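J.: Okay, here's the structure, questions in a sec.
The values are calculated or read from the model by the stated rules, or taken from the named source; none is laboratory data. This one's a predicted model, so the numbers in the text were calculated from it and none came from an experiment. Here Cβ is always computed from backbone atoms with ideal geometry, including for glycine, and neighbour counts include all displayed protein chains.
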């Protein structure tokens, strides 16, 4: 007997999803974004909380800092102290070569002075013919790249944006997970058991829904302080309400379907009914809602951070960064634009993915 | 109609009551009190203050007094803004929030429904994608990004509009905040209208109208009437949200509305102010949901049968 | 009788209709030619997927957005395919009109009935709104709706299905069209209402002298009302001719097959000593309805004190229209609904049993549903669906045993055993019903309740299912409770017949007695509406 593999509805859905270019692009984008935010900070060359007092509010640039001119100027200043003049200055990939000349002997301790200056290191006197009135010094300059510039405290923005991404994405996933867990159990139980249990459970949902959520979250913050873990519990605890409603609605619909009644006629028990028939058929709308919930959660966290209720310094999230950027609007637009770009592009991708999933799982042309 | 309204009100009251009660006890149970932030007060004055504000009574007694005052419409004095009662604070700030909210709602409705209709009628064509792209942006980009961005472009960049401040409600100052408020709602309404109209145009009774040879515009109008029902349902919570002021928008643009009292009140443990805002929001939500229900039942005769 | 030499009202020539779907294109109609003559009733007959509806939808320009038509359809010489919207709108609704199958959703729920009828009068007839509304009352009278002055201000949801269809007819006839196209207008209605609507249409057609294209799958209707008939299969016209000719001397193989698919034969009578399997006395099912505010919940009695006795190997046919309670009765007897009264299965009282006590009995009493699309769990393979009962009742079986059992069960219902790894949506309606039967039979039940098992299937498929059920009954000595509104099928299957209306038994007795000599008026009406030969 030849083995025939059927084509489940899941396979159909996956095929439909993969043929949706926007959704596939979004998935790739999200994978890349997550990888960058989690692995990236190790590669930027800056810890996220390191303060560079020399580089406060520095704009974004491709060029490393300090720039050529600044280094040359610094060299010139030190030279003048020793009554020397810079004849020739060359800087290549962090290696500096300075040729000094003077009317008198140049104190060889000039090398130490160079080394003591911020960013200069390893300066030594190179052998040269015209010593001691003309010296050649070689050394290194520590050059830093601030691709996105620095913030008001002199911290590298790129690293902070990536770290912020970690927090935002983490909260997005974790809080959604919490909402999923609570919402699905609550909704499925209420929907399946029906009757008075259902009524009571949904009344509770209604009342919680009526509480102005800002107030509720503020209360949580007030009670527990600005704790990162509690932040995502708070966010998850608000979002599970919608999830419970959706799951309950779906459960009610599925309960009426004839294939559930057929299973009951076979004598299948309640647990097996829920496991085998109800839950797999609720997954569709739940999955779609989850992908639309993650951006909502990230947004919520950003919103709270914007109000100053979110993650605490020096840890940061996209919301905190945007808040700082919004406050510095006048002169430092880049402080706002970079985190905003990251946040909105991630949210866009999540929304497109959610739309794609919805079309894949519930095609309208059927 | 009257009995319908009364029934709705009656079922809403218990909810408000529970919300108010829960909020009352929650805020008072939070650590910290309304006078903690003050620089040192003489302990005797502190005792007197507590007596004046009835904070020295047992909790359930405070609750009872609160309810009694509420029945007279007295929400008590603000602890934080010491020279004002809560009611006075609202009287000044609520109209501001409501004006902005109403303007934003009107803008969102007009633009949202038009855009959604156009997108539905030209489904899958260029303009549909364009409208949906903008709508997705409106839903995705948070208002605390949009606000500063708009300020950046129109105020700081082009200098067409002031960068912030209320200026007693001068028109140029209203434009950016209202747009920022309206954008997300506009986006949702556009998406909702589009999906709903596409669905409605496929309905059997619209096929009947086509079979009767009615001109395209008539058919579309009929479909639109049915398609707007879900939009009407959505308006209830949306209106309540808009009217009670947006914390974010008011902060960004420096608008003296009601929104900021939520955050500031809770953070400074201003009990009366917080209770006032909770009651305010609950009442607004109930009120607008009721209006929406009534409008819906006027539009859809099947619902009136209850 | 129409004049065959007159110019045709509608001349269809080389019509093809294709639909674009995700995986390619589907040809619903493949190059057909057909004429409709003035004043005649032409029936277009076919099973689902034959293209009979799409042909007329193309004529009316009502194809879905992914469909396109090529060829020619001329109305009195005017080309309809590719006509401009203005031209098309001038013709449809006033010269050619169409009514559809689903009266419950074909009227705008937000607009009053009178205003809807007024629409064609205003747009085509140029009447003022007031004049149109007055004319609407006349039209309601024409379609025999009682109390038309009051009804004119009603909303559709305040009317029954039959009444809504009458309103549709009123709208369609408002401008006195030359041609009325009716797409399965009575399929969704109860049998007795069907008869009334058909009579109404016949009378109106005569009065207005218009042509009628009647699309249906029901040959009985064709015989009763049509002058000519066109038989369609897979998008092509297989045969065309006068009704009497085609029915008496069908030329095409397919036509012969269709005509032969009417359920034939009767059941072999039972042995006298057959033991009693199921006994039901005064079974009652009450539902509490949602209560209006502050008032007590009204009780709706779906099944009102029904009694019956079913013996081993016997089939009881339960007939009635929608809302008669027959389905509810079936489920109550299997204890799938809360009910009161006495039910004994093999001498064991069922009512007092708990759920756990009832479980082992369930393998002896199974249920097959009406809807082959909804009764199979979409996320499970066919094999899993068919053997789910074994998980409950034969936990001793290994996976391999169950797999073998699934293969056997599928072979028994004449499906290829390899299909047990496929999913329900990959099968046709008839095949899914076989799967549902396999699921019931695998447990070797003694009693099978069949709730409208063939109603959602095409006639030809119905015949195969009926034959299958008969075979299985004979082989295994099964008892059937056969619930159906289709009297033809019940006559072919049952020993005894129970007629239900509004939850009560109106008439019961041996098959021949009930069919040949009904004692109750309602039974007589049912029988005459069913147009059995």
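J.: Among the residues of the range C:386-405, write down those that are in a helix (DSSP H, G or I) and more than 8 Å from chain A (Cβ to nearest Cβ).
T.: C:386, C:387, C:390, C:399, C:400, C:401, C:402, C:403, C:404, C:405 - these are the residues of the range C:386-405 that are in a helix (DSSP H, G or I) and more than 8 Å from chain A (Cβ to nearest Cβ).
J.: Read through the list (1) at pLDDT below 90; (2) more than 13 Å from chain A (Cβ to nearest Cβ); (3) surrounded by fewer than 19 Cβ atoms within 10 Å (Cβ to Cβ), then give the number of the only condition that residue C:472 fails.
T.: So the condition that residue C:472 fails would be (1).
J.: A follow-up question, please. For the list (1) crowded, with 16+ Cβ neighbours inside 10 Å; (2) within 11 Å of chain A (Cβ to nearest Cβ), I need the number of the one condition that residue C:356 fails.
T.: (1)
J.: For residues in the range A:12-27 being over 10 Å from residue A:357 (Cα atoms) and within 11 Å of chain C (Cβ to nearest Cβ), which is farthest from the chain's Cα centre (by Cα)?
T.: Only one residue fits best here, namely A:12.
J.: At the interface with chain A (Cβ under 10 Å from one of its Cβ atoms), modelled with pLDDT of 90 or more, crowded, with 22+ Cβ neighbours inside 10 Å and outside any loop (DSSP other than H, G, I, E, B) - does that describe any residue in the range C:422-433?
T.: No.
J.: Now a separate question. Taking the conditions exactly as written (touching a strand residue (DSSP E or B) at 6+ places or on another chain (Cβ under 8 Å), within 11 Å of chain A (Cβ to nearest Cβ) and touching a residue at least 60 places away in the same chain (Cβ under 8 Å)), does residue C:368 satisfy them or not?
T.: yes
J.: If the requirement is being under 24 Å from the mean Cα position of the chain (by Cα), away from chain A (no Cβ under 13 Å), assigned to a helix (DSSP H, G or I) and surrounded by fewer than 20 Cβ atoms within 10 Å (Cβ to Cβ), which of these qualifies: B:177, B:172?
T.: One residue alone meets the criteria, B:172.
J.: Would it be correct to say that residue C:408 is more than 10 Å from chain A (Cβ to nearest Cβ) and surrounded by fewer than 22 Cβ atoms within 10 Å (Cβ to Cβ)?
T.: On the way: more than 10 Å from chain A (Cβ to nearest Cβ): yes; surrounded by fewer than 22 Cβ atoms within 10 Å (Cβ to Cβ): yes.
When the stated conditions are applied, residue C:408 passes them.
J.: Assess whether residue A:341 counts as being under 17 Å from residue A:37 (Cα atoms), within 8 Å of chain B (Cβ to nearest Cβ) and either surrounded by 24 or more Cβ atoms within 10 Å (Cβ to Cβ) or modelled with pLDDT of 85 or more (or both).
T.: For residue A:341, the condition - under 17 Å from residue A:37 (Cα atoms), within 8 Å of chain B (Cβ to nearest Cβ) and either surrounded by 24 or more Cβ atoms within 10 Å (Cβ to Cβ) or modelled with pLDDT of 85 or more (or both) - is not met.
J.: Residues to consider are B:104, B:119; find the one that is on the phi < 0 side of the Ramachandran plot and within 20 Å of the chain's Cα centre (by Cα). Outline the logic, then answer.
T.: Numbers: B:119 fails: within 20 Å of the chain's Cα centre (by Cα).
Being on the phi < 0 side of the Ramachandran plot and within 20 Å of the chain's Cα centre (by Cα) holds for just one of B:104, B:119, which is B:104.
J.: If you scan the range A:344-355, which residues turn out to be more than 9 Å from chain B (Cβ to nearest Cβ) and modelled with pLDDT under 85?
T.: Within the range A:344-355, just A:354 meets the criteria.
J.: I've got another one for you. Taking residue C:130 and the conditions (1) under 20 Å from residue B:205 (Cα atoms); (2) free of Cβ contacts under 8 Å to residues at least 40 places away in the same chain, which numbered condition does it fall short on, given that it satisfies the others?
T.: (1)
J.: Report yes if residue C:169 is out of contact with any helix residue (DSSP H, G or I) (no Cβ under 6 Å at 6 or more places or on another chain), more than 10 Å from chain B (Cβ to nearest Cβ) and buried (at least 23 other Cβ atoms within 10 Å of the Cβ), otherwise no.
T.: In short, yes.
J.: A follow-up question, please. Name the residues in the range B:200-217 that are under 35 Å from the mean Cα position of the chain (by Cα) and surrounded by fewer than 16 Cβ atoms within 10 Å (Cβ to Cβ), would you?
T.: If the condition is that a residue be under 35 Å from the mean Cα position of the chain (by Cα) and surrounded by fewer than 16 Cβ atoms within 10 Å (Cβ to Cβ), then B:202, B:217 are the ones that fit.
J.: Condition first: crowded, with 22+ Cβ neighbours inside 10 Å and away from chain A (no Cβ under 12 Å). Now tell me which residues in the range B:124-146 satisfy that.
T.: Matches in the range B:124-146: B:131 only.
J.: Could you pull out every one of the helices (runs of 4 or more DSSP H) wholly within the range A:167-275 that has 2 or more residues that are buried (at least 20 other Cβ atoms within 10 Å of the Cβ) and at pLDDT 85 or above?
T.: A:228-256, A:258-266
J.: Sticking with this one: Restricting to the range C:108-126, and then to whatever is under 29 Å from the mean Cα position of the chain (by Cα) and under 21 Å from residue C:90 (Cα atoms), can you tell me which residue is surrounded by the most Cβ atoms within 10 Å (Cβ to Cβ)? Can you show your working first?
T.: Our first condition is that a residue be under 29 Å from the mean Cα position of the chain (by Cα); within the range C:108-126, this holds for C:108-113, C:116-117.
Those left that are additionally under 21 Å from residue C:90 (Cα atoms): C:116-117.
On the way: C:116: 23, C:117: 27.
The residue in question is C:117.
J.: Can you tell me which of C:155, C:214 is out of contact with any strand residue (DSSP E or B) (no Cβ under 6 Å at 6 or more places or on another chain) and crowded, with 18+ Cβ neighbours inside 10 Å?
T.: Working: C:214 fails: out of contact with any strand residue (DSSP E or B) (no Cβ under 6 Å at 6 or more places or on another chain).
Result: C:155 is the single residue among C:155, C:214 that is out of contact with any strand residue (DSSP E or B) (no Cβ under 6 Å at 6 or more places or on another chain) and crowded, with 18+ Cβ neighbours inside 10 Å.
J.: For residue A:7, indicate whether it is within 14 Å of another protein chain (Cβ to nearest Cβ), modelled with pLDDT under 75 and under 30 Å from residue A:349 (Cα atoms).
T.: Judged against the criteria, residue A:7 is a match.
J.: Under the condition of being closer than 25 Å to residue A:319 by Cβ and surrounded by 14 or more Cβ atoms within 10 Å (Cβ to Cβ), which residue from the range B:154-165 is modelled with the highest pLDDT?
T.: B:154
J.: Here are the criteria: (1) within 14 Å of another protein chain (Cβ to nearest Cβ); (2) at pLDDT below 90; (3) closer than 30 Å to residue C:157 by Cα. Tell me which single one residue C:100 does not satisfy.
T.: Result: residue C:100 passes all but (2).
J.: Something else about it: Among (1) assigned to a helix (DSSP H, G or I); (2) within 14 Å of chain C (Cβ to nearest Cβ), where does residue B:214 come up short?
T.: In the conditions (1) assigned to a helix (DSSP H, G or I); (2) within 14 Å of chain C (Cβ to nearest Cβ), residue B:214 misses (1) alone.
J.: Among the residues that make up the range C:172-182, is at least one of them part of a helix (DSSP H, G or I), within 14 Å of another protein chain (Cβ to nearest Cβ) and surrounded by 21 or more Cβ atoms within 10 Å (Cβ to Cβ)? Walk me through how you get there before you give the answer.
T.: Within the range C:172-182, the subset part of a helix (DSSP H, G or I) is C:172-173.
Next cut, within 14 Å of another protein chain (Cβ to nearest Cβ) only: C:172-173.
After this cut, where a residue has to be surrounded by 21 or more Cβ atoms within 10 Å (Cβ to Cβ) as well, the list is C:172-173.
Within the range C:172-182 (the criterion being part of a helix (DSSP H, G or I), within 14 Å of another protein chain (Cβ to nearest Cβ) and surrounded by 21 or more Cβ atoms within 10 Å (Cβ to Cβ)), the answer is yes, since at least one residue qualifies.
J.: I've got another one for you. Kindly establish whether residue B:229 is over 24 Å from residue A:300 (Cα atoms), buried (at least 19 other Cβ atoms within 10 Å of the Cβ) and within 11 Å of chain C (Cβ to nearest Cβ).
T.: no
J.: A follow-up question, please. Considering only the range C:103-134, state which residues are within 27 Å of residue C:193 (Cα to Cα) and within 9 Å of chain B (Cβ to nearest Cβ).
T.: Correct list: C:104, C:105, C:106, C:107, C:108, C:109, C:110, C:111, C:112, C:116, C:119, C:120.
J.: Here's something else I'd like to know. Considering only residues of the range A:288-330 that are facing chain B (nearest Cβ under 9 Å) and in contact (Cβ under 8 Å) with a residue 60 or more places away in the chain, which is surrounded by the most Cβ atoms within 10 Å (Cβ to Cβ)?
T.: Selected residue: A:319.
J.: Return the total of residues in the range B:272-306 being more than 12 Å from chain A (Cβ to nearest Cβ) and more than 30 Å from residue C:153 (Cβ to Cβ).
T.: Result for the range B:272-306: 3.
J.: Any idea how many residues of the range C:226-251 are on the phi < 0 side of the Ramachandran plot, in a loop (DSSP other than H, G, I, E, B) and surrounded by 15 or more Cβ atoms within 10 Å (Cβ to Cβ)?
T.: Residues that pass the stated criteria total 3.
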